[in-house]
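The values are calculated or read from the model by the stated rules, or taken from the named source; none is laboratory data. Remember, predicted model here, so these are calculated numbers, not experimental data. Note that each Cβ is placed from the backbone with ideal geometry, even for glycine, and that neighbours are counted across all protein chains shown. All accessible areas refer to the heavy atoms of the entire protein, side chains included, with ligands and DNA or RNA removed. Shrake-Rupley method; radii C 1.70, N 1.55, O 1.52, S 1.80 Å.
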Amino acid sequence: MALVAGSYEKFIWGFSLKTLTPLFSYPSHTAPIKCAAAAGPLAASGGADDAVHIYHLPSSSDAGSLVDHSAAVTSLSFFCSPSAPSIPRNLISGSDDGVVCIFDADPFVLLKTVKAHKKGGVADLAVHSSGRLALTVGRGDSSLVMVNLVRGRRSFSCRIEKEASVVKYGGENGDWFVMASEGTITVHNSEDARVLQELDCERKVLCIAPGESEILYTGGEDRHVTAWDTKSGKKAFSIQDAHKFRVKGLVSFKGSDSPKLIASASSDGVIRVWDINMASSTEKWTPLLETDTKSRLTCLAGTSFR
């Protein structure tokens with residue numbers, strides 16, 4: 001299992017989750033890194049230099065770059081088929097000019113370019129577990145857009161009451177999705193976008209990680225890592241003061257063959273790994289592992305690839 005973290009200082013970091021031992025550190029971009037993704041043996045980073053860089057984790061190598069965007073790359077997501085969860089099939093990227101690019105992941109070839117947002121940039125994107133569609137939320141146009149990944153075109157768009165900065169799918173089969181707007185998270189049914197729950201996080205939410213058993217993890221300006229029960233809309237537990245500064249990235253490691261761990265990264269450069277089994281304990285939360293990159297981290301991604 002591995003983590004990758006991007007920084008404002010243009011560096012990408014790779015770590016073994018077992019010990020948080022550094023695997024690599026590359027000054028890959030010529031401008032701050034804004035997003036990262038990881039799946040199977042691959043990781044990717046997107047930067048304000050309009051580029052996407054690819055990394056091969058087993059060999060700790062930089063596998064090249066994609067320069068198909070004409071604006072800062074703001075969001076990235078790999079798609080892996082449920083029948084081959086450790087083999088990335090596609091990479092989907094969004095940028096500040098509202099464009100979504102769909103790449104084949106073997107080899108990395110641009111398949112389609114979609115103008116998802118006509119009056120704003122892509123703030124975040126989420127790929128459905130079927131790999132057939134993606135949701136994007138816009139920066140500057142307060143909209144939610146559905147992109148048909150098979151046909152490579154917009155299939156639906158609507159304005160939302162409050163501009164969202166984060167969108168993620170959850171559930172075993174992508175049954176629901178969430179959007180974060182400042183300190184509020186709305187949970188929606190994937191079929192009709194009906195609101196199922198509204199979660200009041202009080203402070204601005206900067207990152208979200210869907211977990212197991214309908215749990216959703218959130219982090220942000222309150223410096224906590226909070227687990228929400230999306231069925232009831234109530235807090236399951238919270239790691240109070242998980243960091244000294246705002247939480248910029250979360251990764252939930254799930255699966256029957258993986259320990260129940262969650263990794264968090266803060267803007268001061270600290271990455272911590274937590275054992276979720278401690279949620280039933282009355283003891284104070286203590287991270288299993290911790291490392292300090294001494295850089296301004298902007299994003300975090302992880303993969304269970306062994």
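Some points to look at:
- Amide hydrogen neighbours beyond the local backbone of A242, cut-off 5 Å, H modeled: H224, V225
- Charge dipole (the chain, unit charges on Cβ, about Cα centre) - positive-most of V145, I215, A36: V145
- Calculated log₁₀ intensity ratio I(q)/I(0) where the Debye formula runs over C-alpha points of segment 1-41, q = 0.22 Å⁻¹: -0.69
- Computed over the chain: relative contact order in percent, which uses C-alpha pairs under 8 Å that are six or more apart: 13
- Relative contact order computed over segment 6-164 (Cα-Cα under 8 Å; 6+ residues apart), in percent: 13
- Farthest toward positive dipole pole in segment 1-156 [+1 Lys/Arg, -1 Asp/Glu at C-beta], among V122, F15, V4: V122
- Nearest-0.05 FRET efficiency for D97 and S59, computed from C-beta distance (R0 30 Å): 0.35
- Dipole in debye (nearest 20) - segment 44-112, about Cα centre, beta carbon charges: Lys, Arg +1; Asp, Glu -1: 280
- Positive dipole terminus of segment 41-158, leading residue within S93, S83, H69 (C-beta point charges): S83
- Spatial extent of segment 123-185: Rg and Dmax, with the Cα atoms as the point set, Å: 11.4, 35
- Intensity falloff of segment 38-104 expressed as log10 I(q)/I(0), Debye formula with alpha-carbon point scatterers, at q = 0.19 Å⁻¹: -0.70
- Evaluated with a Cβ-only charge set (Lys, Arg +1; Asp, Glu -1), segment 191-282 carries a dipole of roughly 280 debye about its Cα centre, given to the nearest 20.
- Centre separation in Å (Cα based) which lies between segment 212-273 and segment 64-115: 26
- Computed over segment 65-132, the Cα gyration tensor eigenvalues convert (square root of 5λ each) into semi-axes of 22, 13, 9 Å, ordered from largest to smallest.
- Relative contact order [Cα under 8 Å, 6+ residues apart], segment 195-306, whole percent: 19
- Percent of alpha-carbon pairs separated by more than 21 Å within segment 78-213: 39
- The alpha carbons of the chain give a radius of gyration and a Dmax of 17.7, 52 Å, in that order.
- Split the accessible area of the chain by element, probe 1.4 Å, and carbon with sulfur accounts for 48%.
- Of the cross-linked pairs K115/K254; K10/K115; K118/K254; K162/K248, those separated by over 25 Å at the C-alpha level are K115/K254; K10/K115; K118/K254.
- The dipole here belongs to the chain: it is taken about the Cα centre, uses +1 on the Cβ of Lys and Arg and -1 on the Cβ of Asp and Glu, and is about 280 debye.
- Packing-based ranking, highest mean first, of 115-121, 105-111 given that Cβ atoms within 10 Å are counted: 115-121, 105-111
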